[in-house]
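Colleague: One structure, pasted below without further comment.
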Amino acid sequence: VQLQAFGGGLVQAGDSLRLSCAASGGTFSRYRTGWFRQAPGKEREFVASIRSPESITVYADFAKGRFTVPRDNAKNPVYLQMNSLKPEDTAVYYCAVGTDVLRRVRDSSGYDYWGQGTLVTVSS
């Protein structure tokens, strides 16, 4: 399975950005697509996920109310809509796919496939 995250860039605080995650090379009846991020000098952290085909979403506390994984896009590609961006959202954002939906949704170990990240920089 090949994953590609794209859509990052340089934006100002308060702006919006939509990231996309395109997958190829695999077909699963039930799976989870997750978004993680890693800021300079920090550990990778969970952002959001969506489970297919049920379209069940989970968000990190910092993402609630600002970030959305559109439910009607619980397929390929999967988007991460980010609104009201803050400088602390600056990070490399990764998408990942987990084939066992019973594994921990917020833990990177719960995902089997990872794409190369896309850099999001939010200026103040």
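Colleague: Which residue is nearest to the chain's Cα centre (by Cα), if the candidates are limited to region 108-123 and must be β-branched (Val, Ile, Thr) and surrounded by 19 or more Cβ atoms within 10 Å (Cβ to Cβ)?
Modeller: The qualifying residue nearest to the chain's Cα centre (by Cα) is Thr118.
Colleague: Does any residue of region 78-86 turn out to be free of Cβ contacts under 8 Å to residues at least 60 places away in the same chain and within 20 Å of Ser108 (Cα to Cα)?
Modeller: yes
Colleague: Sticking with this structure for a sec: Please go through region 38-54 and pick out each residue that is free of Cβ contacts under 8 Å to residues at least 60 places away in the same chain and assigned to a strand (DSSP E or B). Lay out the reasoning, then the answer.
Modeller: Initial filter on region 38-54 (free of Cβ contacts under 8 Å to residues at least 60 places away in the same chain): 39-43, 45, 47-54.
Correct list: Glu45, Val47, Ala48, Ser49, Ile50, Arg51, Ser52.
Colleague: Ok, one more. Could you list all residues from region 55-77 that are out of contact with any Leu (no Cβ under 9 Å at 6 or more places or on another chain) and either open to solvent by 50 Å² or more (accessible area, probe 1.4 Å) or assigned to a strand (DSSP E or B) (or both)?
Modeller: Of everything in region 55-77, those that are out of contact with any Leu (no Cβ under 9 Å at 6 or more places or on another chain) and either open to solvent by 50 Å² or more (accessible area, probe 1.4 Å) or assigned to a strand (DSSP E or B) (or both) turn out to be Ile56, Thr57, Val58, Tyr59, Asp61, Phe62, Lys64, Gly65, Arg71, Asp72, Lys75, Asn76.
Listed here are the residues, each with its yes/no results for (1) under 10 Å from the mean Cα position of the chain (by Cα); (2) not acidic (Asp, Glu).
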| residue | (1), (2) |
| --- | --- |
| Ala39 | no, yes |
| Glu43 | no, no |
| Phe62 | no, yes |
| Gln81 | yes, yes |
| Ala91 | no, yes |
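Colleague: Related question: Is there any pair linking a residue in region 10-26 that is more than 11 Å from Val78 (Cβ to Cβ) and of a type in the set (D, E, K, R) to one that is outside any strand (DSSP E or B) and open to solvent by 60 Å² or more (accessible area, probe 1.4 Å), with Cβ under 9 Å and at least six apart or on different chains, and which?
Modeller: From residues that are more than 11 Å from Val78 (Cβ to Cβ) and of a type in the set (D, E, K, R), the pairs are Asp15/Ser84.
The values are calculated or read from the model by the stated rules, or taken from the named source; none is laboratory data. Remember, predicted model here, so these are calculated numbers, not experimental data. Cβ: placed from backbone, ideal geometry, glycine included. Neighbour counts: every protein chain shown. SASA here: full protein model, heavy atoms, side chains in, ligands and nucleic acids out. Shrake-Rupley method; radii C 1.70, N 1.55, O 1.52, S 1.80 Å.
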